[in-house]
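Bear in mind that the values in this text are calculations on the coordinates, not laboratory data. Everything numeric in this text was worked out from a predicted model, so none of it was measured.
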Amino acid sequence: MAKRIFISYAFQDKKYLGQVIDELRKHGIVAKNERIELDLMNNLKRGFNIRTILRERIHGASIVVILWTEEGAMSHFVNYEAGMADALGKQIIIVVPKNQPPRVPFDLSG
């Protein structure tokens with residue numbers, strides 16, 4: 001059975017997603033057939049509770065990848081998703097792009 005991967009990122013950091021996925025595959029973390037949750041906002045319908053949907057997606061994920069950038073650090077949703085993944089005991093992989101300062105949140109620094 002393929003793992004389900006959830007990637008948490010700030011909207012402004014969408015430009016990094018291709019590179020992140022390539023690196024995850026290169027290091028054997030993600031296989032070609034593994035599902036990666038992207039563009040959640042584009043799949044929402046009016047009246048849905050975003051927090052409920054995020055909780056369901058993170059709960060169903062095998063691994064949560066957090067793209068940690070300055071924008072991500074300021075994003076309410078990236079912080080919410082990181083906290084949710086931690087609370088659910090999910091395996092968390094933090095990715096910091098080369099041109100970003102690695103200020104990982106204290107709670108996730110382990």
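Numerical summary
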read-out: Under Karplus coefficients 6.51, -1.76 and 1.60, residue-wise ³J(HN,Hα) of segment 14-20 in Hz, glycine/proline x; value: 4, 4, 8, 4, x, 5, 4
read-out: 5 angstrom amide H check on Ala10, placed H, neighbours 5+ away; value: Gly72
read-out: For Val95, residues with placed amide H under 5 Å, excluding near neighbours; value: Ile66, Leu67, Trp68
read-out: Integer Hz, Karplus 6.51/-1.76/1.60 couplings in order for segment 48-57, x for Gly and Pro; value: 7, 8, 4, 5, 5, 5, 4, 4, 5, 5
read-out: Built amide H within the under 5 Å cut-off of Ile36, gap 5+; value: Ile5
read-out: Residues of type lysines that Lys26 reaches as a straight line, Cα spacing below 28 Å, ignoring anything fewer than 8 places off in the same chain; value: Lys3, Lys14, Lys15, Lys90, Lys98
